[in-house]
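S.K.: Quick one: the structure is below, questions incoming.
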Amino acid sequence: ALLLELRNTLKLERFPERIEVYDNSHIQGTNAIGAFIVSGQSGFDKKEYRVFNIKDENMSPGDDYAMMGEVFRRRFTRLVNKPQLNWPDLILIDGGKGQLSVVSNVLKDLGVLDRITLVAIAKGPDRNAGRETFFMNGRDPFTLPPKTPVLYYLQRLRDEAHRFAIGTHRSRRKKQMTTSPLDNIDGVGAMRKKALLSHFGSARAIKSAAFDELVQVEGISINLAQEIFDYFND
């Protein structure tokens with residue numbers, strides 16, 4: 001009944017049997033990931049959840065639009081090449097007009113924009129739940145009456161995607177903080193590794209750091225800074 005109500009509220013052509021909800025997560029652009037969750041008549045389908053490590057190294061750190069574009073390009077190139085996979089009937093994007101436009105352009109390039117309904121869900125003023133604005137192609141932005149089952153459902157979908165993206169990002173960041181090339185350098189123990197990672201944000205940034213930058217990190221002596229620099233620049 002709820003999915004039928006959703007269909008009527010959003011004026012969907014097809015019954016939304018498979019809904020995919022997308023979100024990105026990063027800290028200052030590091031360990032950036034994109035993720036989507038899947039929901040349908042039986043609720044959340046966790047075995048269908050997917051994560052994408054953002055691969056484009058030329059992307060500006062934290063460029064949400066570019067991240068979203070990369071995720072959709074990879075996801076839907078795969079679907080186009082393997083049409084037997086499950087296609088979504090409805091896609092929710094955590095974001096606003098800009099995200100909707102980026103994703104629409106990617107799907108248009110791949111020739112599949114007319115196969116899927118896109119909805120971007122932007123948080124309300126002061127990021128208030130209950131005052132979200134919705135964006136769809138060919139329609140003016142709209143809001144839904146507060147405290148209605150459809151609005152609650154859409155919020156739950158968005159929050160689940162957010163939870164999944166952030167949780168995955170945190171566990172990967174934690175893993176990176178416990179295993180890194182720094183482990184091979186004498187004199188860099190757990191404390192110094194933590195100091196380096198929190199100063200630079202990622203192992204990749206440490207790798208490309210100048211000697212003068214390494215010296216500025218608390219607990220890193222001139223000799224150790226030289227060792228770290230030499231290790232990555234030999």
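S.K.: Which of the residues spanning segment 181-197 are among the aliphatic types (A, V, I, L, M) and farther than 20 Å from Asn233 by Cα?
M.R.: Let us first name the residues in segment 181-197 that are among the aliphatic types (A, V, I, L, M), namely 182, 185, 188, 190-191, 195-197.
Within segment 181-197, Ala190, Met191, Ala195 meet the criteria.
S.K.: Condition test on Ser25, is it polar (S, T, N, Q) and touching a residue at least 40 places away in the same chain (Cβ under 8 Å)?
M.R.: Details: polar (S, T, N, Q): yes; touching a residue at least 40 places away in the same chain (Cβ under 8 Å): yes.
When the stated conditions are applied, Ser25 passes them.
S.K.: Next question, about the same structure. Filter segment 209-234 for residues that are hydroxyl-bearing (Ser, Thr, Tyr) and at pLDDT below 90 and give the result. Break it down stepwise before answering.
M.R.: Taking segment 209-234 and keeping what is hydroxyl-bearing (Ser, Thr, Tyr), we get 221, 231.
Tyr231, the sole residue that qualifies.
S.K.: Can you confirm whether Ala161 is small (Gly, Ala, Ser) and surrounded by 16 or more Cβ atoms within 10 Å (Cβ to Cβ)? It would help to see each step written out before you state the result.
M.R.: Working: small (Gly, Ala, Ser): yes; surrounded by 16 or more Cβ atoms within 10 Å (Cβ to Cβ): yes.
When the stated conditions are applied, Ala161 passes them.
S.K.: Could you identify the single residue in Asp56, Asp64, Asp45 that is modelled with pLDDT of 95 or more and either within 22 Å of Arg170 (Cα to Cα) or among the polar types (S, T, N, Q) (or both)?
M.R.: Details: Asp56 fails: modelled with pLDDT of 95 or more; Asp64 fails: modelled with pLDDT of 95 or more.
From the options Asp56, Asp64, Asp45, the qualifying one is Asp45.
S.K.: Hey, among the residues in segment 36-90 that are assigned to a loop (DSSP other than H, G, I, E, B) and among the acidic types (Asp, Glu), which one's nearest to Glu5 (Cα to Cα)? So that I can check it myself, show each step before the final result.
M.R.: Taking segment 36-90 as the starting set, the residues that turn out to be assigned to a loop (DSSP other than H, G, I, E, B) are 41-42, 45, 49, 54-63, 82-89.
Subsequent filtering for residues that are among the acidic types (Asp, Glu) retains 45, 56-57, 63, 89.
On the way: Asp45: 20, Asp56: 39, Glu57: 42, Asp63: 35, Asp89: 15 Å.
Filtering first and then ranking leaves Asp89.
S.K.: So, one more: What is the residue count in segment 182-203 for residues that are part of a helix (DSSP H, G or I) and in contact (Cβ under 8 Å) with a residue 24 or more places away in the chain? Before you say what the answer is, go through the steps one by one.
M.R.: First pass over segment 182-203, keeping only residues part of a helix (DSSP H, G or I): 182-184, 190-200, 203.
From what's left, in contact (Cβ under 8 Å) with a residue 24 or more places away in the chain: 182, 184, 191-192, 195-196, 203.
Going through segment 182-203 one residue at a time, the tally reaches 7.
S.K.: Please find, within segment 178-191, the residue that is nearest to Ala32 (Cα to Cα) out of those that are surrounded by 15 or more Cβ atoms within 10 Å (Cβ to Cβ) and out of contact with any Asp or Glu (no Cβ under 9 Å at 6 or more places or on another chain). Even if it seems obvious, please write down each step before you answer.
M.R.: Step one: filter segment 178-191 for residues surrounded by 15 or more Cβ atoms within 10 Å (Cβ to Cβ), giving 180, 182, 185, 188.
Retained after the next criterion (residues that are out of contact with any Asp or Glu (no Cβ under 9 Å at 6 or more places or on another chain)): 180, 182.
Working: Ser180: 17, Leu182: 21 Å.
Among those that are surrounded by 15 or more Cβ atoms within 10 Å (Cβ to Cβ) and out of contact with any Asp or Glu (no Cβ under 9 Å at 6 or more places or on another chain), it is Ser180.
S.K.: Sticking with this structure for a sec: What number of residues in segment 192-224 are buried (at least 18 other Cβ atoms within 10 Å of the Cβ) and more than 26 Å from Arg172 (Cα to Cα)?
M.R.: Matching residues across segment 192-224 total 1.
A quick yes/no check of all residues on (1) within 23 Å of Gln155 (Cβ to Cβ); (2) out of contact with any Leu (no Cβ under 7 Å at 6 or more places or on another chain):
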| position | (1), (2) |
| --- | --- |
| Val71 | yes, yes |
| Arg74 | no, yes |
| Leu85 | no, no |
| Leu90 | yes, no |
| Val106 | no, yes |
| Ala122 | yes, yes |
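S.K.: Keeping to segment 204-226, report how many residues are touching a helix residue (DSSP H, G or I) at 6+ places or on another chain (Cβ under 9 Å), more than 29 Å from Asp23 (Cα to Cα) and in a helix (DSSP H, G or I).
M.R.: Result for segment 204-226: 9.
The values are calculated or read from the model by the stated rules, or taken from the named source; none is laboratory data. Source: prediction; values computed, not measured. Quick reminder, even Gly has a Cβ in these numbers, built from the backbone with ideal geometry, and neighbours come from all protein chains shown.
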